[in-house]
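For reference, the structure discussed in these notes is given below.
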Amino acid sequence: MRQLMAGFPTGVGIVTAFDTETRPWGMTCTSLASVALEPPTLLMCLRNGSPTLNAVLSAGEFAMNLLHQGARATAELFASGAPDRFDRVEWSVPPAAAGPHLSSDAHAVANCVVVRHHTHGDHVVVFAEVRDVHVNTTPAPLLYGLRQYASWPTS
């Protein structure tokens, strides 16, 4: 399965949420897909038992930060599980944010509300309605495939 999915390039996101004590949690996520335009819905898959998943489900909301091409180090940091990851990046909480916004590293951020989740194997599929989106048209998205990061081609 890993070999199959390694050949499927995708964008890179970091899902962020606050737990019940307002502590920020986040992890790199490439298992993300659009489900519907009406209502605007996406799904993501997170490892069962992860503290970020627990924060997402307890808060009932999260922010999906889609990373730009210069944010590889942040993608790797949030994939590492380092406990001090939020101390090592710039983040903010704009009004009505569903989770921390990684404003220096994201080319787009969606504030989402969890509407359903389903456990399958060692992951949980989370369905969420997108409440609002903040887009920065530059720079280009960060991509991941063949076990490496890349930039969006310019031509």
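The values are calculated or read from the model by the stated rules, or taken from the named source; none is laboratory data. Everything quoted here is computed from the prediction, not taken from an experiment. As a convention, Cβ positions derive from the backbone with ideal geometry for all residues, glycine included, and neighbour counts pool all protein chains shown. Side chains included, ligands, DNA and RNA excluded: accessible areas come from the protein's heavy atoms. Shrake-Rupley method; radii C 1.70, N 1.55, O 1.52, S 1.80 Å.
Do you know which residues across segment 23-41 are assigned to a strand (DSSP E or B) and of a type in the set (Val, Ile, Thr)? Of everything in segment 23-41, those that are assigned to a strand (DSSP E or B) and of a type in the set (Val, Ile, Thr) turn out to be THR28, VAL35, THR41.
Filtered by the rule that a residue be open to solvent by less than 90 Å² (accessible area, probe 1.4 Å), hydrophobic (A, V, I, L, M, F, W, C) and more than 20 Å from GLY49 (Cβ to Cβ), segment 3-14 gives ALA6, VAL12. Please go through segment 87-130 and pick out each residue that is part of a loop (DSSP other than H, G, I, E, B) and in contact with a Ser or Thr (Cβ under 6 Å, 6 or more places away or on another chain). Scanning segment 87-130 gives VAL89, GLU90, GLY99, PRO100, SER103, ASP105.
Note on segment 46-64: among residues that are among the hydrophobic types (A, V, I, L, M, F, W, C) and surrounded by fewer than 19 Cβ atoms within 10 Å (Cβ to Cβ), the one that is farthest from ALA128 (Cα to Cα) is ALA59. Filtering segment 97-135 to residues that are small (Gly, Ala, Ser) and over 26 Å from LEU77 (Cβ atoms) leaves only GLY121. Kindly indicate whether any position in segment 72-86 is part of a strand (DSSP E or B), in contact (Cβ under 8 Å) with a residue 24 or more places away in the chain, open to solvent by 20 Å² or more (accessible area, probe 1.4 Å) and of a type in the set (Lys, Arg). No, because not a single residue in segment 72-86 is part of a strand (DSSP E or B), in contact (Cβ under 8 Å) with a residue 24 or more places away in the chain, open to solvent by 20 Å² or more (accessible area, probe 1.4 Å) and of a type in the set (Lys, Arg). Every condition in (1) modelled with pLDDT of 95 or more; (2) open to solvent by 60 Å² or more (accessible area, probe 1.4 Å); (3) of a type in the set (A, V, I, L, M) holds for LEU67 except the one numbered (2). In segment 15-22, the condition of being without any contact (Cβ under 8 Å) to a residue 24 or more places away in the chain and either open to solvent by 20 Å² or more (accessible area, probe 1.4 Å) or not in a loop (DSSP other than H, G, I, E, B) (or both) is met by at least one residue.
What about VAL133, is it in contact with a Lys or Arg (Cβ under 6 Å, 6 or more places away or on another chain) and either in a loop (DSSP other than H, G, I, E, B) or of a type in the set (A, V, I, L, M, F, W, C) (or both)? Taking the combined requirement at face value, the residue does not satisfy it. Residue count for segment 35-57 under the criterion of being within 22 Å of ALA71 (Cα to Cα) and either without any contact (Cβ under 8 Å) to a residue 24 or more places away in the chain or among the hydroxyl-bearing types (Ser, Thr, Tyr) (or both): the result is 1.
The C-beta contact set for segment 132-154 (first residue free of Cβ contacts under 8 Å to residues at least 60 places away in the same chain, second residue β-branched (Val, Ile, Thr), distance under 8 angstrom, 6+ apart or interchain) comprises VAL133/VAL109; HIS134/VAL109. Before we move on, is GLY26 open to solvent by 40 Å² or more (accessible area, probe 1.4 Å), within 25 Å of TRP152 (Cβ to Cβ), in contact (Cβ under 8 Å) with a residue 60 or more places away in the chain and not polar (S, T, N, Q)? Here the answer is no, as GLY26 does not meet what is asked. Filtered by the rule that a residue be of a type in the set (S, T, N, Q) and within 16 Å of ASP84 (Cα to Cα), segment 20-49 gives THR22, THR28.
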